[in-house]
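Report on the structure given below.
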Amino acid sequence: MHDERPDQRSRAASGVICVAYNILLVLLLPFIALYLLWRLATRSKTLSGFGERMGAIADRVGGLEGTDPVIWVHAVSAGEVAAVAPVIRAVRVAEPMARIALSTVTTTGREMAHSRGIDPDALFFFPFDLPGVVDRVLDAVRPDVLVLVETEMWPNVLQAAARRGVGVIIVNGRLSDRSYRRARLLKPLFRWMLSNVREICAQSQEDADRFIALGADPDTVIVSGNSKFDERFPAVSDAEINKYRQDFGFDRDAPVLLAASTHDGEEEIILQAFTHLRVTNARLQLVIAPRHPERGGEVERLVQSHGYAAYRRSRALEAGGNDPLCPEGGPQVSVAILDTMGELSRVYAAATVTFVGNSLVQGGGHNILQPVALGKPALFGPHMQNFRDIAAICLREGVGFEVTNLDELVAEVERLLASEGDLALVAARGPAVIDKYSGASQRCAEHIVALLDDQVPVAWAGADAEAEG
């Protein structure tokens, strides 16, 4: 009796938390509906696949039919899809008969799945975390293992999966400073969610400690490293680099500053820095790649307000050649705006120095490994909470450089442009850093396959009747 009471209390507490969560969800539904309608009116892509998000995915899961095991991988957006791509490749080598279902929250995540050649057996939008909706999706996918990428945990999904006996594993697990602060305020909820997770492959020891502090069983948490180091970074030829420079209207040997994944407020600082830098580096050219390509028009107006012409990559591609609204040559300097999807990873190769945004006036940062892998110095602001371990590694290895304001940005770019030796050192160190910290994907894949092998086959409702039919 003494052994059973803690379990009984734990189950009772979990039931209370589950009920409370769903009551709160019901109370918030009108506000959520209004928010979704607002998003639909202002950003039409936001509710793309609304039917799928409500559980209507029957036409998306035909590739999962049969008796082979099914692994459902969930990655929120483009960054998480890119991070899990090498894990999926490693799983396919180790377990070639397994079917892979991939879900995303954003359209950019879905686009990334196509561009990275993941080729899942099923691809659909992640469902809203509503009990009936979640049940429909689980019964349609019928996973043996559910793989969650980084911090993507949803109470009803986790409970419904665990209730059906689905093995749940978190890969590339991390908890940013902000996420951890919020999670601590809701510790009973996170303890309940984590009780439904069989294994956690954390990016770092700090992340592992945070999961344990929130209630994860220490025996289920390992430090596997960061799978972003295992991404397939492109090999870009000199001919391709020269073609980009020609398209942008840059001289073949002119130095280029590339400001990538910028957010509102950062382009203003970049343009001010560019004006300062051209005093001592008159041939310097600038490329701005806003994180959200739909901001291309907004960035163009800002560029023009600083007295520069604007080359819009999207407009040039639509015109089948040059940007018809960008003057060719002449006294006016042109700033290239890379407002397209899928080109940034290759355009990095045409840069001399790079800056990666959402780090100077925003918070969280973006992945700096793409320029590093191509041997380019990666500058970033002080707000790199979502990539703190990668930033720390790159700072320690001398391939990443933190700047906190406009003056420091100008000074650091000037220093690098003036030192061929420093640029050559980064060019050599960058690829070596990627090799040094690679291997996390293989470790995560081994744990996924081990969990799959340990699974008791899940008995899905209606499966026997379908088999007999």
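Could you tell me whether any residue of segment 139-155 is without any contact (Cβ under 8 Å) to a residue 24 or more places away in the chain and more than 23 Å from the chain's Cα centre (by Cα)?
Residues of segment 139-155 without any contact (Cβ under 8 Å) to a residue 24 or more places away in the chain: none.
No, the conditions are met nowhere in segment 139-155.
Which of (1) under 27 Å from the mean Cα position of the chain (by Cα); (2) surrounded by 17 or more Cβ atoms within 10 Å (Cβ to Cβ); (3) not small (G, A, S) is the odd one out, the single condition R396 does not satisfy?
Against the list (1) under 27 Å from the mean Cα position of the chain (by Cα); (2) surrounded by 17 or more Cβ atoms within 10 Å (Cβ to Cβ); (3) not small (G, A, S), R396 comes up short only on (2).
For the subset of segment 414-446 comprising residues that are among the acidic types (D, E) and farther than 30 Å from F274 by Cα, which member is surrounded by the fewest Cβ atoms within 10 Å (Cβ to Cβ)?
Here is the first cut: in segment 414-446, the residues among the acidic types (D, E) are 414, 420, 422, 435, 446.
Among the residues that remain, those that are also farther than 30 Å from F274 by Cα are: 435, 446.
Working: D435: 10, E446: 15.
Among them, the one singled out is D435.
Have a look at A391, A411, A378, A424 and point out the one that is within 20 Å of E266 (Cβ to Cβ), among the hydrophobic types (A, V, I, L, M, F, W, C), modelled with pLDDT of 95 or more and out of contact with any Ser or Thr (no Cβ under 9 Å at 6 or more places or on another chain). Reasoning before the result, please.
Numbers: A391 fails: out of contact with any Ser or Thr (no Cβ under 9 Å at 6 or more places or on another chain); A378 fails: out of contact with any Ser or Thr (no Cβ under 9 Å at 6 or more places or on another chain); A424 fails: within 20 Å of E266 (Cβ to Cβ).
Just one listed residue meets the conditions, A411.
Can you work out which of the residues in segment 299-333 that are outside any loop (DSSP other than H, G, I, E, B) and among the acidic types (D, E) is farthest from E111 (Cα to Cα)?
Residues of segment 299-333 outside any loop (DSSP other than H, G, I, E, B): 299-305, 309-319.
Cutting the leftovers down to among the acidic types (D, E) gives us 300, 318.
On the way: E300: 25, E318: 19 Å.
Across segment 299-333, the extreme among qualifying residues is E300.
Report, ordered by the first and then the second residue, all pairs with beta carbons closer than 6 Å, sequence separation of six or more or different chains, a first member in segment 388-409 that is without any contact (Cβ under 8 Å) to a residue 60 or more places away in the chain, and a second member that is surrounded by fewer than 18 Cβ atoms within 10 Å (Cβ to Cβ) and assigned to a loop (DSSP other than H, G, I, E, B).
Matching pairs, first to second residue: T404/P382.
Conditions: (1) closer than 22 Å to R295 by Cα; (2) in contact with a Phe, Trp or Tyr (Cβ under 9 Å, 6 or more places away or on another chain); (3) of a type in the set (G, A, S). A351 meets all but one. Number of the miss?
Of everything listed in (1) closer than 22 Å to R295 by Cα; (2) in contact with a Phe, Trp or Tyr (Cβ under 9 Å, 6 or more places away or on another chain); (3) of a type in the set (G, A, S), A351 misses just condition (2).
In segment 68-114, which residue that is among the acidic types (D, E) and closer than 22 Å to V137 by Cβ is surrounded by the most Cβ atoms within 10 Å (Cβ to Cβ)? Give the derivation first.
Kept after step one, since they are among the acidic types (D, E), are these residues of segment 68-114: 68, 80, 95, 111.
Now drop any that are not closer than 22 Å to V137 by Cβ, which leaves 68, 80, 111.
Numbers: D68: 13, E80: 24, E111: 16.
That would be E80.
Just one of the numbered conditions (1) touching a residue at least 12 places away in the same chain (Cβ under 8 Å); (2) over 28 Å from R252 (Cβ atoms) is not true of R301; which one?
That leaves (1) as the condition not met.
Would a scan of segment 348-357 turn up a residue that is within 17 Å of the chain's Cα centre (by Cα), under 25 Å from D230 (Cβ atoms), assigned by TED's automatic domain parsing to the domain that holds R415 and modelled with pLDDT of 95 or more?
The answer is yes, given that some residue of segment 348-357 is within 17 Å of the chain's Cα centre (by Cα), under 25 Å from D230 (Cβ atoms), assigned by TED's automatic domain parsing to the domain that holds R415 and modelled with pLDDT of 95 or more.
Return yes when L325 is crowded, with 17+ Cβ neighbours inside 10 Å, in contact with a strand residue (DSSP E or B) (Cβ under 8 Å, 6 or more places away or on another chain) and among the aliphatic types (A, V, I, L, M) and no when it is not.
On the way: crowded, with 17+ Cβ neighbours inside 10 Å: no; in contact with a strand residue (DSSP E or B) (Cβ under 8 Å, 6 or more places away or on another chain): yes; among the aliphatic types (A, V, I, L, M): yes.
Criteria not met by L325.
Could you check G215 against (1) small (G, A, S); (2) touching a helix residue (DSSP H, G or I) at 6+ places or on another chain (Cβ under 7 Å); (3) buried (at least 18 other Cβ atoms within 10 Å of the Cβ) and say which number it fails?
Unmet condition: (3).
Name, by its number, the condition in (1) under 23 Å from R278 (Cβ atoms); (2) among the β-branched types (V, I, T); (3) without any contact (Cβ under 8 Å) to a residue 60 or more places away in the chain that does not hold for T340.
Of (1) under 23 Å from R278 (Cβ atoms); (2) among the β-branched types (V, I, T); (3) without any contact (Cβ under 8 Å) to a residue 60 or more places away in the chain, only one is false for T340: (1).
So which helices (runs of 4 or more DSSP H) stay within segment 170-283 end to end and still have 1 or more residues that are within 19 Å of Y311 (Cβ to Cβ)? Steps first, answer last, please.
Values: elements: 177-185, 187-194, 205-213, 238-248, 266-280.
Correct list: 238-248, 266-280.
Listed here are the residues, each with its yes/no results for (1) buried (at least 17 other Cβ atoms within 10 Å of the Cβ); (2) in contact with a strand residue (DSSP E or B) (Cβ under 7 Å, 6 or more places away or on another chain).
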position	(1), (2)
D219	no, no
S227	yes, yes
E240	no, no
K243	no, no
D247	yes, no
T262	yes, yes
E268	no, no
T275	no, no
T280	no, no
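The values are calculated or read from the model by the stated rules, or taken from the named source; none is laboratory data. Computed from a predicted structure; not experimentally measured. With ideal geometry, Cβ positions are generated from the backbone for all residues, glycine too; neighbour counts draw on all protein chains shown.
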